[in-house]
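Accompanying notes for the structure given below.
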Amino acid sequence: MTLNEDRRTRRGHGSSGIPTTRFIPPTPPTDRSTASELAGERVPPLSLVSGEPAPPRIVAVANQKGGVGKTTTSVSLAACLSERGLQILVVDLDPQGNASTGLGIARDRRPLTTYDVLTGAAPLGSSIVASPATGVHVVPATIDLAGIEVELATQLARESRLSRALTGQVRDFDVVLLDCPPSLGLLTVNALVAAEELLVPIQCEYYALEGLGLLLANAALIRENVNPALAVSGILLTMFDPRIKLAEQVVADVRAHFGPLVFETVIPRAVRLAEAPGFGLPITLYDPGSRASEAYRAVAEEFLARDRVAPLAAWTGTGWNGAAAVTGDASVDPAEEHSRVSTGRGGSE
Ligand SMILES: Nc1ncnc2c1ncn2[C@@H]1O[C@H](COP(=O)(O)OP(=O)(O)O)[C@@H](O)[C@H]1O
Ligand SMILES: [Mg+2]
């Protein structure tokens, strides 16, 4: 049995190719070594035998604004990456559980959730369930998660709970997407401590950049103090509506200031994307040929190609120098930009 066949079997993919059963965490290589050592064999590292998979890319999909497309991006990107044969885990970090619902995990299929994982009641591996999209698995969330800040208030190292929970539990995945709630609280901080990449969806709307400086400043703080691996892997413009003149302007402004950090692909406003969660399906299964599916496929391609383009080091703490690295202009500040984009262009259309 090849490693991939072995992986598929362990993930419970039925003959239809649709995963049907609870994810069973991979057997740690140490088990194998121990067994072989007991048998008196000398065992070369697993990677030399079968090409052990590289550790997954762990990506926080975050923006403290609600309704900007974090969950839609997590779900759709997961599905598009899985179409390319990758194994994806979506960790639902929002008490509203929208990513879980959007990936077809009914309430009765959430016996163990992110809450149990973060409180230490259950190992992350035991909470993973399969979604209707082959290759996409989910750590679901329920409203219980809303109490986590209070629950962990007196606990030490509460900001690294997720990071520790992921350790050793996700080596069979290629990408782990952390779908953050609309706040900069403990859950988002846990995501930024656990992740190596930060993907920020921005709605092509008024106040597009509002709060972005604060998010990046928080990420920079976490990078300096806890997680030096953290980098911005991309800014994704979402819900673009060409009928709204301001949308074009927002795209131009965001590109001018964040340069190559911004995905080339812009996600259109598309009613199919808004409908899909109601059916518990990612867009690629709900309407595979739609332009929304195509747009997220293009994002997946860019995501795989870019692999952490711009380090957060460009954030100085008082201003954003990411654009300066690209344009030579060191004076760019998202806060200023916010006031320009959000207040300087008249009413919406
Ligand atoms: N590109 C899009 N076109 C149309 N509706 C969208 C699009 N992206 C997201 N939506 C809808 O907008 C709402 C907010 O999106 P969501 O992804 O849940 O945002 P967030 O997770 O940032 O709060 C949802 O109802 C979602 O279905
Ligand atoms: Mg959400």
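Among K70, K65, K245, the ranking by other beta carbons within 10 Å of each residue's beta carbon, starting with the fewest, stands as K245, K65, K70. A simple charge model with +1 on the Cβ of Lys and Arg, -1 on the Cβ of Asp and Glu and nothing else charged puts the dipole of the stretch 265-309 at about 100 debye relative to its Cα centre. Seen through its C-alpha gyration tensor, with square-root eigenvalues sorted a ≥ b ≥ c, the stretch 185-230 comes out prolate because a/c lies at 1.5 or above while a/b is bigger than b/c.
In a reduced charge model with +1 at each Lys and Arg Cβ and -1 at each Asp and Glu Cβ, the stretch 53-343 shows a dipole moment near 320 debye about its Cα centre.
Overall, the stretch 177-316 carries a charge dipole of about 120 debye about its Cα centre when +1 sits on the Cβ of Lys and Arg and -1 on the Cβ of Asp and Glu, all other atoms neutral. Sorted ascending by nearby beta carbons within 10 Å, beginning with the fewest, E149, E196 become E149, E196. Database remark: amide H of A231 closer than 5 angstrom to the amide H of E197, L198 (H placed geometrically; neighbours at sequence offset of 5 or more, or on other chains; Pro and chain starts carry no H).
Bear in mind that the values in this text are calculations on the coordinates, not laboratory data. In this text, all values refer to a predicted model and were calculated from it rather than measured experimentally. FYI the Cβ positions are ideal-geometry reconstructions off the backbone, even for glycines, and counts take in every protein chain you see.
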